[in-house]
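Every read-out reported here was derived from the displayed coordinates using simple, explicitly stated rules and does not represent laboratory data. All values reported here derive from a predicted model rather than from experimental measurement. With ideal geometry, Cβ positions are generated from the backbone for all residues, glycine too; neighbour counts draw on all protein chains shown.
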Amino acid sequence: MIKADCLTRKFGDLTAVDRVEFEVPQGSVTGFLGPNGAGKTTTMRMLCGVLTPTSGRAWIDGSDVTSGPELFRNRVGYLPESAPVYPEMRVQEYLRFRAGLYRVRSVRAAIDRALEQCGLVDVARRIIGHLSKGFRQRVALAAALLHEPRVLVLDEPTAGLDPTQVDSIRGLIADLAQDRAILLSTHILSEVEAVCDSIVMIAGGRVLARGTLEAVCGGDALVCHVETDLADAVGLLAGVAGVSHVQATSGGGGWNQYQVTASAEQDPRAGLAAAIAEAGGQLREIHARRRSLEDVFRTLVSAPAEEKRT
């Protein structure tokens with residue numbers, strides 16, 4: 001339903017999005033995860049025809065985005081980060097206005113359906129500016145659903161909402177995903193774990209990882225407890241065969257702790273123990289811990305630029 005192929009966008013000498021590739025199938029929610037400034041919003045604007053790619057191609061429900069936005073705009077619903085609503089209008093009035101922009105044929109039926117889907121029936125005649133931020137977000141989402149799009153592109157849909165409002169919007173997204181493809185941009189890790197089937201992780205305009213949560217977080221992190229201060233311990237452990245990344249974490253009681261990410265091809269535990277002993281250190285223990293999405297995110301985002309390109 002959504003496909004990006006080597007999608008690139010440059011602003012002068014700045015490459016905001018660099019050869020991004022991913023797919024979102026129907027009936028699923030894909031989390032577009034990355035820190036602020038990673039290139040998420042720029043990518044989504046290209047997918048929705050708001051920005052023209054510098055190079056690469058993208059498809060929405062089989063239509064080539066780069067060949068003409070008018071061919072696919074009726075198939076995609078786009079919710080920008082800042083909810084595009086007019087606070088002085090009533091909910092029904094605003095939805096009627098948006099339906100006209102989409103050239104919806106059965107306006108009354110479309111509005112009634114969107115109000116029902118987004119839980120807005122009881123506030124349909126309220127002035128939008130008098131509603132809470134959570135309800136205003138629902139109004140913006142209802143507007144994006146008026147033309148019954150098969151694809152939804154949501155940019156930070158729960159930003160600034162309280163926990164109750166966040167849960168409500170997440171439940172709504174899960175319901176909408178049953179027969180649609182949804183791309184959900186966020187930098188909130190718990191959001192991805194709560195509603196997404198798969199993820200695309202991006203930083204610096206480049207995709208660092210993609211796949212299901214299980215595939216991306218697969219494998220264990222090794223935690224090493226060392227009772228001796230070692231010179232350049234991170235560099236020492238990173239040099240062991242089978243180690244892809246090392247991060248110093250909190251320790252206590254006279255020992256130091258390091259989180260080691262191992263490659264899939266080799267178990268480095270014996271090598272780690274040997275390296276610590278040869279450096280004059282005393283190893284207290286090495287144990288495996290299932291990697292969380294936060295572990296993976298921190299590891300990939302903090303990796304040197306040359307490692308991200310491999």
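Descriptive notes on the structure:
- If the Kirkwood radius is taken over C-alpha pairs of region 35-188, then at 37 °C and 0.692 mPa s the Stokes-Einstein diffusion coefficient equals 205 µm²/s.
- Packing around the peptides 89-97, 37-45, taken as the average count of other Cβ atoms within 10 Å per residue, puts them in this order, highest first: 37-45, 89-97.
- Computed from the alpha carbon positions, the gyration tensor of region 174-230 leads to an equivalent ellipsoid with semi-axes of 32, 14, 11 Å, biggest first.
- With both residues required to sit in the chain, DSSP beta bridges show an antiparallel share near 70%.
- 37 °C / 0.692 mPa s Stokes-Einstein diffusion coefficient of the chain, Kirkwood radius on C-alpha pairs, µm²/s: 152
- Over region 118-268, Cα pairs under 8 Å with separation of 6+ residues give a relative contact order of 14 percent.
- The convex hull around the C-alpha trace of region 62-105, projected and averaged over every direction, spans 4.2 square nanometres.
- Cα coordinate range in region 173-296, projected on the principal axes (Å, largest first): 59, 30, 26
- Solvent-free Debye scattering, log10 I(q)/I(0), computed from the Cα coordinates of region 219-290 at q = 0.16, 0.23, 0.24 Å⁻¹: -0.46, -0.98, -1.07
- Whole-number percent relative contact order across the chain, with pairs defined as alpha carbons under 8 Å at least 6 apart: 19
- Mean ellipticity per residue at 222 nm, deg cm²/dmol - from DSSP H runs of n ≥ 4 across the chain, formula -39500 (n - 2.57): -9000 deg cm²/dmol
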